[in-house]
Structures are given as C-alpha cells and as structure tokens.
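A short worksheet on the structure shown next.
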Amino acid sequence: MLAKVSSAALNGIEAFPVEVEVNVAYGETYIALVGLPDAAVKESKDRVSTALGNSGYKFPMGRTTINLAPADEKKEGPNFDLPIALGLLAASEQIETDQLENFVAIGELALTGAVRSSKGILPMALRAKADGRTGILVPTENAAEAAMVKGLQVIPVQNLREAAQFLEGAIKIAPSRVDIAKIFEHGHDDELDFAEVKGQENVKRALEIAAAGGHNILLIGPPGTGKSMLAKRLATILPPLTLDEALETTKIHSIMGLLEPRQALVTQRPFRAPHHTASDAGLLGGNINPTPGEISLAHHGVLFLDELPEFKRNVLETMRQPLEEGRVTISRAAGTMTFPSQFMLVAAMNPTPDGKMPGESRSSPREIQNYLGRISGPLLDRIDLHVEVPQVKFREISGDRAGEASEQIRGRVVAARQVQQRRFTHKPKITCNARMGPKELKEYCALDEATRELLKNAMADLNFSARAYDRILKVARTIADLAGARDICGDQISEAVQYRTLDRQLWT
C-alpha cells in the first residue's frame, strides 16, 4: 500500500516542501530510501524501525520503498524521521487517517519514540502556511517558534504514538498559541547600561549617532579606555526589533540551532563578536553546504570586531560587498546561497602596534603606517564614523556621577528612527539613513550655499574620497534628525567631518 506524508526541508534560510512517499509491498524484506538523502537521512530507517517497536507498532515486512520528493533536491538532517514513521504506519495499515495531506510533519525520533527538537522549524512553518496546509506537527520544544505563524494549527507532539493517535482522531491536542506582546515585553538586556560607563561623553555621542542612523563605527584608542565596554552597550540603545525583523532574525538563528528550548522569537538585537582568528567562511558563511556566518547571525543587530587590524586582510576584504548591499552570496559546489546580512559594524583598534598614542609610541612612523595599512582604504570608506577613545581621567573614574542611562539615549534614537521611517515610507528597502543611495542623498541631504562651501573646503583640505563625502552627508543627516532639524546646517557638517579621524591622517 502507498502512503504520502507532507514534510519540508531547508534551502539556505528558506524551506521547500517535501513529499514523503512510502510504499509497502510483498517480497523479500528490503528497505530502499531514495531522493538524494544525506547520511543523517539514510540513518533514519534504523532510528525509525527501533522507535516503531518501542512505541508499540511493528515495522512492516516485505519490500519497502521510501521516496523523498522532489528527487533532485538534496535532503539533510534527521527531521524526516517522524514523517517516515507516520508513512510506514499508514502504508502498513497500522493507522487509518485522512489527515496526512492536511498536516506537515517534522521531527527527529529518539529510539524510545520520543520526538526531539529540530532546527529550522520557523521557515518550515512559514512554508506550510504558504502551501495552504491546515497545520503542522512539531516537537513540543519547537511549538512556540512555529506558533509565530498565524493561521496555522501548530500541534506539539511528544512522541510518535501521540502523533499517530492525533492523526487518527483518537486524541485531541490543543494547538500552541503565543502572546506576541508578552514576548516583546523583555526586549532589552537589563544587565548592560550606558550609565555604567564613566566619562567618554564624546564617544557616547558618536555611538548615539551611529545607532540613530544605522551607521558603521570604528573606535580608536589605547587599551583600557573602554572600547569593548562601550561597544557591548550599543545594542541597548538601538530601537527594538519590529515583528518582521524579529521573524527574519529568528529564521537565521533557528536553522543554526541557536534558539533556546521553547523560545518563540529572537526579541533582542543580536550582538556577535567573533575572534580575530576567524576565517572568511566563519565570518561570511560557507562550508560544503553553505550556512550563515557571523555577519548573517548579526542581521538586524551588531557585529563587533575587536582588534580590527589583527583580522586577516583577506577576511576583512570579503566584508565589503555585505556592508554595501546588506546581503552575502556564497557559491559552492553544492549550490549558491544568499543570506541577509544587514548589520551595524562596530570595530575597535589600537592607534599604534604597541597600543600607545602616536606621540607616546615607540613604534616608528613606518611601523604605524604598516599597522594601519592592514585595513584597506575601501573598507575604511564603508565605516561612517572613526572616533578617538582617549584615556579616562582619574576624577571621572573615581567620581560618583553616573552617566546617562541607555533608556534615555534609546528614547532619542527611537525618535530619530521614526523620522527616518516617515521619510522613507515609500522606499521599503531603505530602513535608515545609512542605507540611502545617491538618489536619496540628493533628495534628502541638500545643502545651502554656505554649508556646501564648508564641505567643499573640508574635502579639499583633508583629501577625502568620494565615498567619504557620501558618508559625511549621511551622518550629518542623522545628526540633524537627532536635533529635530529639517535641513542640514554647517554645525552638523562640521561634526560629521570630525568623525573621519583616519581619513584626516592624525597618526602620521
């Protein structure tokens, strides 16, 4: 007898439907599993046969063929255990149900018959909804994640017998539901706060501007000045994730298996801090079958690169396209994948090889230039703000005066982002000032004659590149938004110019 069970598989961060066809016929006992299965899928027949026996069912005798269609798409992982087991039960007439075509089944089986948590449940649930399925059978630990898809019955199952009895109608299982408002109640990390940072008011101002406009920022200063401390608190002043942003971020974390058990959604903006020994595959993504790297895991959040010159130059250079386009395309023999990577880059570095300021360093000018030269000009041009982080004075460290809290700064950042949302209402691909293109710069960053002359002189005197010119205008637009100003004035251009430290060659 032939039975068909609907399931799904992953292709990048998206899912595609898979039909599990099981045919049980008379003949010598033999099991054929076809449809481009990987090693984990091939091993499912051993897990399934044991799980069936331990759940009180019999593995069918005779010639059994299991096909995973479409046959030309590679299938990976143990998520097909549950649909294969259900197909075997239906094909051998151990269960009778007409619900197999209405529900998608996903889950790995333990030898006891228990259904274990799986990766990529959210994109699979979205696929099931798009395909018009009534519901989806998922492991109990993944039910909250799948329940984020409205209009789809999410049935949490603990074991194979429970799934089979539900499909037969012998038992009822209440669909999982989530309260989205409650999930977003704790959207910020209360453990970190800018109030803990003593001094460094100029750096806090630059970080506020970066957060308000989604700008990339580079912190330059000696060790012990608080660069890492400041960078880690940047995420606390960013606007909260929207539901669409949270869903997109959750999809990436879901396929990588980074969600906590029973976690429904990623509600905090990601903060990723890879070590400077990271490879290009670790940063961008890769492996034989392309998977997201650190820049995609930081999507809609912050990517912090400490000790920037210590990263391999070829690794840093591969970031240029993602920084510009907000996505990364990886080509391998197994195929080409595109992953979203719209993140804020926050980098930190010492001003000289020995960590001291140029006037105090024992390094020669050539050594300093070689050190700075590890970061290419094109990459620096893609970083909007270069900010000096000086040593904190003793009276600021020892004083009782607390800095401004993250909540207050975040209020101003959110207000500036709302201005940008209204400005770009008809441009859905542009989410903040940092994403403006040449057309938007011309439209929203017009300067009067006096301000244009000021910028012209700065460009000539400081030998800025054309890309640096665009960055200055974008930063000035954000400063104006924070001030509630309609037009960009000279003071805002002057402040934006001050945030191009490395362009001004202060270390030579």
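The values are calculated or read from the model by the stated rules, or taken from the named source; none is laboratory data. No experiment lies behind these values; they were computed from the predicted model shown. Heads up, the Cβs are rebuilt from the backbone with ideal geometry, glycines too, and the neighbour counts pull from every protein chain shown. Accessible surface areas use protein heavy atoms only, side chains included; no ligands, DNA or RNA. Shrake-Rupley method; radii C 1.70, N 1.55, O 1.52, S 1.80 Å.
Numerical summary
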read-out: Number of positions in the range 24-43 that are open to solvent by less than 60 Å² (accessible area, probe 1.4 Å) and touching a strand residue (DSSP E or B) at 6+ places or on another chain (Cβ under 8 Å); value: 10
read-out: Entirely in the range 396-470, the helices (runs of 4 or more DSSP H) that have 2 or more residues that are surrounded by 12 or more Cβ atoms within 10 Å (Cβ to Cβ), modelled with pLDDT under 90 and of a type outside the set (S, T, N, Q); value: 449-462
read-out: Output for the range 255-282, where each listed residue is of a type in the set (Val, Ile, Thr) and open to solvent by less than 50 Å² (accessible area, probe 1.4 Å); value: Ile255, Val266, Thr267
read-out: Qualifying residue in the range 66-83 (condition: over 29 Å from Arg127 (Cα atoms), at pLDDT 95 or above, in contact with a helix residue (DSSP H, G or I) (Cβ under 8 Å, 6 or more places away or on another chain) and crowded, with 17+ Cβ neighbours inside 10 Å); value: no
read-out: Of all residues in the range 44-65 being open to solvent by less than 30 Å² (accessible area, probe 1.4 Å) and among the small types (Gly, Ala, Ser), the one that is modelled with the lowest pLDDT; value: Gly62
read-out: Residue in the range 318-341 that is surrounded by the most Cβ atoms within 10 Å (Cβ to Cβ), counting only those that are among the hydroxyl-bearing types (Ser, Thr, Tyr) and out of contact with any Leu (no Cβ under 6 Å at 6 or more places or on another chain); value: Ser341
read-out: Checking Gly285 against (1) open to solvent by less than 60 Å² (accessible area, probe 1.4 Å); (2) without any contact (Cβ under 8 Å) to a residue 12 or more places away in the chain, the condition it does not meet; value: (2)
read-out: Subset of the range 337-384 that is among the hydroxyl-bearing types (Ser, Thr, Tyr) and touching a residue at least 12 places away in the same chain (Cβ under 8 Å) - its residue that is nearest to Leu297 (Cα to Cα); value: Ser341
read-out: So Ser494, is it surrounded by 13 or more Cβ atoms within 10 Å (Cβ to Cβ) and within 17 Å of Val387 (Cβ to Cβ); value: yes
read-out: Whichever residue in the range 111-129 is of a type in the set (A, V, I, L, M, F, W, C) and open to solvent by 10 Å² or more (accessible area, probe 1.4 Å) and, among such residues, is farthest from Leu265 (Cα to Cα); value: Leu111
read-out: Qualifying residue in the range 1-22 (condition: in contact (Cβ under 8 Å) with a residue 60 or more places away in the chain, in a loop (DSSP other than H, G, I, E, B) and under 40 Å from the mean Cα position of the chain (by Cα)); value: yes
read-out: In the range 353-387, residue modelled with the highest pLDDT [restricted to those that are crowded, with 18+ Cβ neighbours inside 10 Å and of a type in the set (Asp, Glu)]; value: Asp384
read-out: Number of positions in the range 134-192 that are at pLDDT 90 or above and in a helix (DSSP H, G or I); value: 16
read-out: Some residue of the range 85-108 being over 21 Å from Glu21 (Cβ atoms) and open to solvent by 20 Å² or more (accessible area, probe 1.4 Å); value: no
read-out: Conditions (1) touching a Ser or Thr at 6+ places or on another chain (Cβ under 9 Å); (2) buried (at least 20 other Cβ atoms within 10 Å of the Cβ); number of the one not met by Met344; value: (1)
